[in-house]
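Below: the structure, in structure tokens.
The values are calculated or read from the model by the stated rules, or taken from the named source; none is laboratory data. Here the structure is a predicted model, which is why all the values come from computation and not from measurement. For neighbour counting, all protein chains shown are included, and Cβ atoms are generated from backbone atoms with ideal geometry for every residue, glycine included. With ligands, DNA and RNA removed, areas are computed over all heavy atoms of the protein, side chains included. Shrake-Rupley method; radii C 1.70, N 1.55, O 1.52, S 1.80 Å.
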Amino acid sequence: MEFKTFVFYFLAVIMVLAALRVITARNPVHAALFLVLTFFNAGGIWLLLQAEFLAITLVMVYVGAVMVLFLFVVMMLDINLDRLREGFWSYLPVGALVGILMLVEMVMVLGGSYFGLEAMPAPPAAADTYSNTRELGRVLYTDYVYPFELASLVLLVAMVAAVALTLRKRKGLKYIQPSEQVAVKREGRVELVKMQAEKED
Amino acid sequence: MEAMLQPVADLFGAAWPAVWTLVKIVAIIAPLMICVAYLTLAERKVIGFMQVRIGPNRVGPWGLLQPIADGVKLLFKEIIVPSGANKGLFILGPILAIAPSLAAWAVVPFDDGLVLADVNAGLLFLLAITSMEVYGVIVAGWASNSKYPFLGSMRAAAQMVSYEVSMGFALICVLLISSSLNLTDIVMSQNDGRFADMGLGVLSWNWIPLFPMFVVYVISGIAETNRAPFDVVEGEAEVVAGHMVEYSGMTFALFFLAEYANMILVSILTSILFLGGWLSPVGFLPDGFHWLALKTAFILLLFLWARATFPRFRYDHIMRLGWKVFIPVTLVWLFVVTVWMMSPLSIWS
């Protein structure tokens, strides 16, 4: 077996097992950490495909930022396993239906003739100077600049909407404004008064 | 070198690349660990001198064996796992803390060509790996099943994610002007320009055109490694020792090692990205690793100096500094640099 094949199976096995544990782990924090492991191994597989930019971005964005905030939320939860399992049977039919639908669709796409080696031959080997990052950047900012900007706009709208939905202004709150505190000068707080010494006579 | 090693290579056969890489890894990690040990001594000595004390001076001449004594003490201490803790994650926490801080060294160049993995996307790799450092802290804090560690880890998560943003923008400016993600190329790109030709390399390094980014990067680096004055994560007045409250012996030592290895990493990266790496500041002196070591030592001194000088920041002030000061500054300077590059006044063509 070639070394690369060995690495692929190594990463793939860990990834599939970790993905399984995501849905079977009882503790949500464990599940989130297994999801991190899954992302990490997916990044490794992408590295094998010489897509280093995508692989590193996956680790940076999902492992480094998204999952940290996810864990942040999950860790604050009051984990009550009985309450979590309460709705299991009532949700099962819907979940099973969605799962079966996804399975059928995946079989239809992957099992069809579109994904065969004849329809999609392996790309020619890249030159030594080929840089995945540079190529992706060039394409993203020239050929696909409008879709790219549109996507960023959609994200911006989502961000503003999330803030607007959760923003609540309550009256009578005593905020601390760090910027005002930082801007305080000595003259505003302390006044030195000159006065004569008092004497008893 | 290659020819000399050929007999050894034949001995190992197909496993030789793996063995040779392992040897190189040990050659990086072992000196790094010694540096970490002596950085703790240097810290105590420097802060001692700044406070007109002597610092450790009992173990060995001038206290030079103090780090070894500390290490041996920590090795022999008992590791106590709290009964309410999540045992697996409790042990995993320190490992997750130290693994990324060692893995990041794979792409750090020490001299021209002297690097473990000379990858194209070195800077991206560093960003990705350093963004994983926070996991050790949050996993440790949660698994301890105790109030103060949890509060400390929540602080760490928020602080490290915030300062990563400004650090990332500072790095974007660097890669813009050197038009490469490879750390060796970034150093070599600081070697040309009018001043470098005149033999004054120190003026052609990135720290002058990117001065605001340089300042932001160093300060964010201090915040990212949770060092004073940004050490609210382990601020003893508020949360005892943060995520490390329940840890003892070697598990505690791993957090300690990770923190100091990260300090050295941030310092060496600052030297590489902004201070010309191994390049000599003046033309008549040869380039070499000693310059990189000197620059790194200087940035490390800044870390210790800041710790001895400033009182601890309040938490909301830290957040304000990160989001409301650093990110606008980096965004503005990113804009300035892009306009500068496209204008006829560009010095990078």
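Structural remarks
- Set of lysines with alpha-carbon distance to A:Lys4 below 29 Å, sequence-local pairs under 8 removed: B:Lys24
- Within chain A, longest stretch clear of exposed GluC sites (Glu not before Pro) (DSSP loop, no more than 14 other Cβ within 10 Å): A:3-85
- Shielding by other protein chains, B:113-123, mean Cβ within 10 Å: 2
- Only protein heavy atoms count here, probed at 1.4 Å, and on that basis chains A and B bury about 2300 Å² of accessible area in total.
- Averaging 1/r over each pair of different alpha-carbon atoms in region A:4-142 and inverting the result gives 18.3 Å, the Kirkwood hydrodynamic radius.
- The angle separating the long axis of helix A:88-111 from the principal Cα axis of greatest extent in chain A is about 50 degrees.
- Three semi-axes describe the equivalent ellipsoid of region B:1-60; taken as square roots of 5 times the Cα gyration tensor eigenvalues and ordered largest first, they are 43, 9, 8 Å.
- Residues of type lysines that B:Lys324 reaches as a straight line, Cα spacing below 24 Å, ignoring anything fewer than 8 places off in the same chain: A:Lys169, A:Lys174, A:Lys185
- Where the Cα pairs of region B:169-256 fall when distances are cut into 5 Å bins, in %: 3, 12, 15, 15, 12, 8, 9, 10, 8, 4, 2, 0
- Anchor B:Lys87: aspartates and glutamates whose Cα lies under 20 Å away (excluding residues fewer than 8 positions away in-chain): A:Asp78, B:Glu78, B:Glu246
- Taking the longest Cα principal axis of chain A as reference, the axis of helix A:3-24 is set at about 60 degrees.
- Along chain A, counting only trypsin sites (Lys or Arg not before Pro) with a DSSP assignment other than H, G, I, E or B and at most 16 other Cβ atoms inside a 10 Å radius, the longest segment between sites is A:27-167.
- Normalised contact order of chain A, rounded percent, pairs of Cα under 8 Å and 6 or more residues apart: 13
- Considered as an equivalent ellipsoid built on the Cα gyration tensor, region B:111-261 has semi-axes of 36, 16, 13 Å, the largest given first.
- FRET efficiency, A:Ala158 to A:Val184 (Cβ-Cβ, R0 35 Å, nearest 0.05): 0.40
- For the segment B:129-135, counting C-beta atoms of other chains within 10 Å of every residue's C-beta and taking the mean gives 5.
- Note on chain B: GNM, Cα springs under 10 Å; of B:Gly136, B:Gly113, B:Gly288, the largest mean-square fluctuation is that of B:Gly113.
- Only Cα sites of region A:112-201 enter the Debye sum here, all with the same form factor; the resulting log10 I(q)/I(0) across q = 0.11, 0.15, 0.19 1/Å is -0.79, -0.98, -1.10, listed in q order.
- A simple rule links phi to the HN-Hα coupling: the Karplus curve 6.51 cos²θ - 1.76 cosθ + 1.60 with θ = phi - 60°, which for region A:28-40 gives x, 5, 4, 4, 5, 5, 5, 5, 4, 4, 4, 4, 4 Hz, with x for Gly and Pro.
- For region A:124-156, the list of chymotrypsin sites (Phe, Trp or Tyr not before Pro) that fall in a loop by DSSP and count at most 16 other C-beta atoms within 10 angstrom reads A:Tyr130, A:Tyr144.
- At least 20 Å along the helix axis (C-alpha) and Kyte average at least -1.0, DSSP helices within chain B: B:16-50, B:87-103, B:147-178, B:249-274, B:289-309, B:327-342
- Percentage relative contact order, chain B, counting C-alpha pairs under 8 Å, at least six apart: 21
- Anisotropy class of the protein assembly as shown from Cα gyration tensor, a/c 1.5 cut: rounded
- Inter-label distance, B:Ile25 to B:Asp111: 2.4 nm, where each label sits 7 Å from its Cα along the C-beta direction.
- Applying the Karplus relation 6.51 cos²θ - 1.76 cosθ + 1.60 with θ = phi - 60° to region A:44-56 yields 3J(HN,Hα) values of x, 5, 5, 4, 4, 7, 6, 9, 5, 5, 4, 4, 5 Hz, where x marks Gly and Pro.
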